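Quick note: the coordinates plus some simple rules give every number you see, no bench work behind them. Owing to the predicted nature of the structure, the values given are computational and were not obtained by experimental measurement. Don't worry about glycine lacking a Cβ; one is built from the backbone with ideal geometry, like all the others, and counts go over all protein chains shown.
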Amino acid sequence: MEVTVVKEGKHGILGLGAEEAKVRVRPLAKVPEKVDETVGETVGETVKGVLETLLERMGVEAAVASQTKPPLEGGGEASDVVALDVTGDDLGILIGRRGQTLASLQYIVRLIVAHQTKARVPIVVDVEGYKQRRYEALQALAHRMAEQVRVRGRPFTLEPMMAYERRIIHLALADDPDVTTESVGEGEARKVVIMPKGSKPD
């Protein structure tokens, strides 16, 4: 793959003035149709190799290691997921605003691996444990806001979130006897509404 940095990102100061990086990725040659099992290469090694190559072409110095307890993004069992965590210095540029750059990087890795293996492989790419921390923070937020909804008896609308983050909120409150959740809005503005059971979002 050839990775071209179209626009370099900026870190900003305390999150202010930060800008996302933009990259263009294109294949240089036809990739293998399937993993070469004769050399003992596993799907996990393929995923790791793809991610390391992308980071190298982007000029990012980082280490890639397997993650034992990945935050699940689409259901399923943790044992089915190939999860990798990227570690290094000053890797905020790989995460981006609200994790959007990280989501794009993960999407590219999934596309390349799917093309190479001719199989749909569940892959989670994290950077310095960002997704795990976000997962725990969203669960805590869900329960905290649910308590406010119970006390006030009125719906509460959360900030816009990506699909996998909304799923975390829905699952966290799925068994709550007093509140229910619903996603509203379109595209990037889609958000979760937490409301008393039996009521409807405004």
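With 27 Å as the limit, the listed pairs 131/197; 22/191; 48/118 have 131/197 beyond it between alpha carbons.
Label positions at residue 137 and residue 175, each projected 7 Å from the Cα along the C-beta direction, are separated by 2.6 nm. Between residue 52 and residue 65, the simple spin-label model (points 7 angstrom out along Cα→Cβ) gives 1.5 nm.
Which shape class applies to segment 133-196: rounded if a/c is under 1.5, otherwise prolate when a/b exceeds b/c and oblate if not, where a ≥ b ≥ c are the square roots of the Cα gyration tensor eigenvalues?
The shape class here is oblate.
Length available on full extension from residue 43 to residue 150: 0.36 nm per residue minus the Cα-Cα distance, which gives 33.9 nm. Around residue 61, what is the net charge, scoring Lys/Arg as +1 and Asp/Glu as -1 over all other residues with Cβ under 12 Å from its Cβ? Result for the neighbourhood of residue 61: -4. Sorting the segments 166-173, 136-143 by their mean number of nearby beta carbons within 10 angstrom, highest to lowest, gives 166-173, 136-143.
From least to most packed, judged by other beta carbons within 10 angstrom and beginning with the fewest, 4, 53, 68 follow the order 68, 4, 53.
A simple charge model with +1 on the Cβ of Lys and Arg, -1 on the Cβ of Asp and Glu and nothing else charged puts the dipole of segment 133-196 at about 140 debye relative to its Cα centre. Listed peptides 102-112, 87-97 appear in the order 102-112, 87-97 once ranked by packing, highest mean of other Cβ atoms within 10 Å at the front.
When the charge dipole of segment 133-196 is built from unit charges on Cβ atoms (+1 for Lys and Arg, -1 for Asp and Glu) and taken about the Cα centre, the candidate among 142, 170, 180 whose Cα reaches farthest toward its positive end is 142.
Take the Cα of residue 7, step 7 Å toward its Cβ, do the same at residue 159, and the gap between the two points is 2.1 nm. Using a/c under 1.5 as the rounded threshold, could you call segment 52-172 rounded, prolate or oblate? The axes a ≥ b ≥ c are square roots of the C-alpha gyration tensor eigenvalues, and prolate needs a/b larger than b/c, oblate otherwise. Prolate shape, in that a/c is at least 1.5 and a/b is the bigger ratio.
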